[in-house]
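*Asks:* Quick one: structure below, then a few questions.
The values are calculated or read from the model by the stated rules, or taken from the named source; none is laboratory data. Just so we're clear, the structure is a prediction, and the values are computed from it rather than from any experiment. Cβ: placed from backbone, ideal geometry, glycine included. Neighbour counts: every protein chain shown.
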Amino acid sequence: MLISLFSKKRRKSRKYLLAAIILFLIFSNSFIVDEVMRVWEVPVTKTEELDDCYDVGIVLGGSMVTYDSKNDRLTYRNNIDRILQAIELYKIGKIQKILISGGAGNIVFRDMLESVFVKRFLINIGITENDIIIDSISDNTHENAVYSAIILNENYPEGKFLLITSAHHMRRAKACFLHEGIITTPYSTNKYAGDR
């Protein structure tokens, strides 16, 4: 839209304005956004459709929790469903261990390690510390897969793994883990697209 205002050629200016309006209408229309997300998101798996038990549930970090230093407490964010689903799966015996993969993910606050915060939360609510594994190094999905693969290959070479992340993130996450030679079963959480 700004380009249309500063363009010196009137005809080009109109084209830019028209393109901006069309894009605005497309991306502000919840029906269209929902339909696009339905195509992209990996469908949610019903818990009863899972195999009996997985050695490790791999929970990918990213906007789950942060530390509020002013009030000295954790603040839970929009992707907290990932860890909540993992807790439920652990409690009903579908996963034996929880691997939380996620470091700082922020170039400014390098000491704010999300997996460390989540581990503290899990211990506080009664999850056995020996059943929690963390990767506090990775900052993105590719690194989640790389560093998790090192941990999993070393400790669970023949293990069964459940990959737990947001529905819109699952395709990339699964591909990254596959690239590292880790076969996972997807368990999508916090889907964006609503019901039809």
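*Asks:* Tell me, please, whether a residue that is surrounded by fewer than 16 Cβ atoms within 10 Å (Cβ to Cβ) and at pLDDT 85 or above can be found in region 4-13.
*Replies:* Kept after step one, since they are surrounded by fewer than 16 Cβ atoms within 10 Å (Cβ to Cβ), are these residues of region 4-13: 5-13.
From the residues that got through so far, the ones that are at pLDDT 85 or above too are none.
No, region 4-13 has no match at all.
*Asks:* So which residues in region 126-142 are assigned to a loop (DSSP other than H, G, I, E, B) and under 14 Å from the mean Cα position of the chain (by Cα)?
*Replies:* Residues of region 126-142 assigned to a loop (DSSP other than H, G, I, E, B): 126-128, 136-140.
Residues satisfying the conditions are Ser138, Asp139, Asn140.
*Asks:* So which residues in region 143-196 are part of a strand (DSSP E or B) and crowded, with 20+ Cβ neighbours inside 10 Å?
*Replies:* Phe161, Leu162, Leu163, Ile164, Thr165, Ser166, Thr184, Tyr187, Ser188, Thr189
*Asks:* Would you mention how many residues in region 126-181 are of a type outside the set (Ser, Thr, Tyr) and in contact (Cβ under 8 Å) with a residue 60 or more places away in the chain?
*Replies:* 17
*Asks:* Output the strands (runs of 3 or more DSSP E) that fall wholly within region 41-125 and possess 3 or more residues being within 26 Å of Val146 (Cβ to Cβ), under 18 Å from the mean Cα position of the chain (by Cα) and modelled with pLDDT of 85 or more, or say none. Write out each step before concluding.
*Replies:* On the way: elements: 54-60, 65-68, 73-76, 95-101.
Strands (runs of 3 or more DSSP E) meeting the threshold: 54-60, 95-101.
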